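The values are calculated or read from the model by the stated rules, or taken from the named source; none is laboratory data. Please read these numbers as outputs of a predicted model, since none were measured by experiment. Virtual Cβ from ideal backbone geometry, glycine too; neighbours counted across all protein chains shown. Quick note on the areas: whole protein, heavy atoms, side chains included, nothing else; ligands and nucleic acids left out. Shrake-Rupley method; radii C 1.70, N 1.55, O 1.52, S 1.80 Å.
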Amino acid sequence: MASITKIELAKRLRLQPGDLVQRELAAKLLDRSQKSMANKATSDALPGFYNVAGKGVRGGDIYYRLDWLKAYVAWKSRPLKERNMTEARTALESEIEFGAQDLPGPGRHSIPLAAHNMSGLSHAERLLLEEMLAKMPVKNFEVGDEIVLMSDGGLDLESPDAAPILAEMRKILLGGGGTE
C-alpha cells in the first residue's frame with residue numbers, strides 16, 4: 001500500500017486530523033520514552049499506532065489515536081489490583097487496539113441521515129425535515145464530510161454547509177432530481 005497523509009489517515013479512520021498525534025506526544029501522554037514506544041516488545045502492549053507509509057515500512061510518520069491513548073491512560077491510572085481484573089482488561093481491549101495497525105483502505109461510507117439538533121426550527125420545519133429524512137435513500141458521502149455529518153451520523157443543522165445538502169434533499173424529495 002502506498003504512503004498516505006495524516007489527513008487521509010484521519011478521513012479513513014473517520015477522525016479529525018487533530019485526533020491523531022505523533023509518537024513524541026503519545027510518549028509524553030503515556031509517560032514513556034519515544035524509544036520504548038518504538039520497541040517491538042513493548043509497542044505491542046501499548047495503544048495501537050499507524051505508520052502512514054504502511055505496516056512494517058520504515059521511515060513513515062507514526063500516528064496514535066488520541067481516544068485510544070486516553071482510554072489506556074484511564075485504565076493505567078486505576079489501582080494495579082483493579083486494572084489487572086479480567087473485566088477491566090477486557091473493557092480496555094474492546095475499546096482500543098494494540099501495536100502496529102494496518103492502514104485502513106480508502107472508500108466511501110454510507111451514512112444514515114438523522115437530524116441532530118432541531119431546536120432552532122419551527123414545528124413545520126421540523127416535521128418537513130423528519131419527513132425528508134425518512135424518505136431519503138441512503139446516500140454515499142465522503143468520509144471527510146464530518147463538517148456537515150456529525151460523527152454519530154446526524155446532520156449538523158448549524159453548519160454553513162448544511163443548507164446546500166438540505167436544498168439537494170428537498171429537490172430529490174419534491175421531484176426536482178438531484179445528484180447521487
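A few notes on this one:
One line per residue, one yes/no per condition, for (1) at pLDDT below 70; (2) of a type in the set (S, T, N, Q); (3) within 21 Å of Tyr72 (Cα to Cα); (4) loosely packed, with under 14 Cβ neighbours inside 10 Å:
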site: Glu95; (1), (2), (3), (4): no, no, yes, no
site: Ala100; (1), (2), (3), (4): no, no, yes, no
site: Asn117; (1), (2), (3), (4): yes, yes, no, yes
site: Ala124; (1), (2), (3), (4): no, no, no, yes
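- Search result, residues across the stretch 1-26 that are within 17 Å of the chain's Cα centre (by Cα) and part of a loop (DSSP other than H, G, I, E, B): Ile4, Thr5, Arg14, Leu15, Gln16
- Among the residues of the stretch 59-82, those that are assigned to a helix (DSSP H, G or I) and either modelled with pLDDT under 90 or closer than 25 Å to Arg14 by Cα (or both) comprise Leu66, Asp67, Trp68, Leu69, Lys70, Ala71, Tyr72, Val73, Ala74, Trp75.
- Put simply, of Ile62, Ile7 the only residue that is in contact with a helix residue (DSSP H, G or I) (Cβ under 6 Å, 6 or more places away or on another chain), β-branched (Val, Ile, Thr) and open to solvent by 80 Å² or more (accessible area, probe 1.4 Å) is Ile7.
- Leading residue by the ranking (surrounded by the most Cβ atoms within 10 Å (Cβ to Cβ)) among those in the stretch 27-48 that are assigned to a helix (DSSP H, G or I) and without any contact (Cβ under 8 Å) to a residue 12 or more places away in the chain: Ala27
- Test for Arg78: is it in contact with a Lys or Arg (Cβ under 9 Å, 6 or more places away or on another chain) and more than 22 Å from Asp19 (Cβ to Cβ): no
- Look at the stretch 90-107: where a residue is within 15 Å of Lys6 (Cα to Cα) and a partner is aromatic (Phe, Trp, Tyr) and modelled with pLDDT of 90 or more, sitting 6+ places away or on another chain with Cβ atoms under 7 Å, you get Gln101/Phe49; Gln101/Tyr50; Leu103/Tyr50.
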